[in-house]
Amino acid sequence: MSVSRRSLLMLTATATALAGLRPRTGRAAAVSDWAGVRALFDLNPERVHMSTMLITAHPRPVREAIERHRAAMDRDPVEYLERNDERLTDESRAAAARRLGMHRDNIAIVESTTVGVGLVYGGLKVREGQELLTTEQDYYVTHESLRGLARRTGAVVRMISPFDRVAQASEAGIVARIAEAITPRTRLVALTWVQSNTGLKMPVAAVAAHLAEVNAGRDEADQVLLGLDAVHGFGIEPDHLAGLGCDFLMAGCHKWLFGPRGTGIIAFSERGLRAVEPVVPTFDDSGVFSAWYAGQEERPSNNGRQMTPGGFKAFEHRWALAEAFRLHEEIGVARIAARTRELAGALKDGLAGVRGVTVVTPRSERLSAGIVAFRAEGVRSGAVVRRLRERGVIASVAPYPSQLVRLTPSIINSEAEIEAAVAAVRASV
Ligand SMILES: Cc1ncc(COP(=O)(O)O)c(C=O)c1O
């Protein structure tokens, strides 16, 4: 039987269209229950994986997208890059913008939270004597970036503790401590959304509301900007950027979002964009390269593309980022938040019943997310983590002087795994 070229082309087009549709339909059904979500991961079923806060495994759609792009790059790196980079990077940028309810031009694509924090605080326009306020509980990455900024500019880092003890922390108390520490010279408040030592979720919107009052009487160059290391809230919490009220939100996508390893974003408010300079020249289409090419001194006003560091990248990971957001939407933003809270709550309740264990993370869902931190009386945290690993539970020690043990229930975990983790802790302390 002879088949005409035309009908072959039509058959191919129909098959391609159907192939494009099939996974989407099947996928939406696949994630309608949590066992289906877990089945998207190749995780070793003999382990209870509760260190999502460190580095993720790739779910199948992300894995497949990376593999698709990798294979095409290996076949024809230059032409595949030329044909696709602008469109695919923009899809990743648009997907992040959709999640945060903002314009895609205000999103920079970076490699990690650390790179985002370094770029923002490294490029912040501050004057000598202005104050950079942060907390003792913030992470090394924020502290070191601010220290460098202060050294280069003559600005001053001020550090406070927003509570005496985490267990007694309250939203009003935290806002009051930050409010007390703000002076006419404060230029930046740099916070971590969910602290990775204590698991405490900062009341970011309430802090932002206070800063809006402070800023009402100030010139823009003197206004207090709000920067957020958002990595342990992003992928769990449903907030939009405007609701949080921050000027810079830096988040790796390779933890709670289950995105490609080596990806992250910075989301900027309009004021935030005006307050920073790009540190690494971009390769994105933003008018900067063409200005250089034409020998012009003037640069276009800042945007997320300009804040996206240039250089050739692990493009297959960057381009697969849109797929992670798509999966996140298919599972459901509100569902993910509710599930994470439910599992974290069950874990805290279970741990609270273990003799010798003190749960440090607040029980309140308003003051916590997916990180559950605890200490065990008379046993070093490193020893607890080692014993948990021997029992198949992957926990971690916080890289802070306080050295708490952390477990991180997320949408890859089940109720049975929460019970198994509690039993393993009981046997390890
Ligand atoms: C608060 C905080 N910020 C940043 C990081 C580093 O994240 P990334 O790998 O995205 O740079 C971590 C831990 O890995 C963290 O706990």
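The values are calculated or read from the model by the stated rules, or taken from the named source; none is laboratory data. Values in this document were obtained by computation on a predicted structure and should not be read as measured data. All accessible areas refer to the heavy atoms of the entire protein, side chains included, with ligands and DNA or RNA removed. Shrake-Rupley method; radii C 1.70, N 1.55, O 1.52, S 1.80 Å.
Quick notes on this one:
- Per residue, the chain exposes 45 Å² of solvent-accessible protein surface, assessed with a 1.4 angstrom probe and all protein chains in place.
- Values of log10 I(q)/I(0) for the stretch 333-428 across q = 0.22, 0.23 Å⁻¹ run -1.13, -1.23, by the Debye formula with one identical scatterer at each alpha carbon and no solvent.
- Helical mean residue ellipticity (222 nm; -39500 (n - 2.57) per DSSP H run of 4+; nearest 500) of the chain: -14500 deg cm²/dmol
- Considering only the Cα atoms of the chain, their convex hull presents on average a projected area of 24.6 nm².
- For GLY264, the amide hydrogen comes within under 5 Å of the amide hydrogens of VAL110, GLU111, SER112, CYS253, counting only partners 5 or more places away or on other chains and with H modelled in the peptide plane.
- Dividing the convex hull volume of the alpha-carbon atoms in the stretch 91-329 by its residue count gives 119 Å³ per residue.
- Database remark: amide H of THR186 closer than 5 angstrom to the amide H of GLU131 (H placed geometrically; neighbours at sequence offset of 5 or more, or on other chains; Pro and chain starts carry no H).
- Within the accessible area of the stretch 43-196, the carbon and sulfur atoms contribute 48%, probe 1.4 Å, all protein chains present.
- When the inverse distances between all different Cα atoms of the stretch 86-152 are averaged and flipped, the Kirkwood radius reads 13.8 angstrom.
- By the rule of a C-alpha distance below 22 Å, with chain neighbours fewer than 8 residues away ignored, the lysines paired with LYS348 are LYS201, LYS255.
- Estimated translational D of the stretch 254-359 in µm²/s (Stokes, Kirkwood radius over Cα pairs; 20 °C; 1.002 mPa s): 122
- Calculated from backbone phi, Karplus (6.51, -1.76, 1.60) coupling profile of the stretch 339-349 in Hz, x at Gly/Pro: 5, 4, 5, 4, 5, 5, x, 5, 5, 4, 5
- Evaluating kT/(6 pi eta Rh) at 25 °C and 0.890 mPa s, with the Kirkwood radius of the stretch 200-318 over Cα pairs in the Stokes-Einstein relation, gives 152 µm² s⁻¹.
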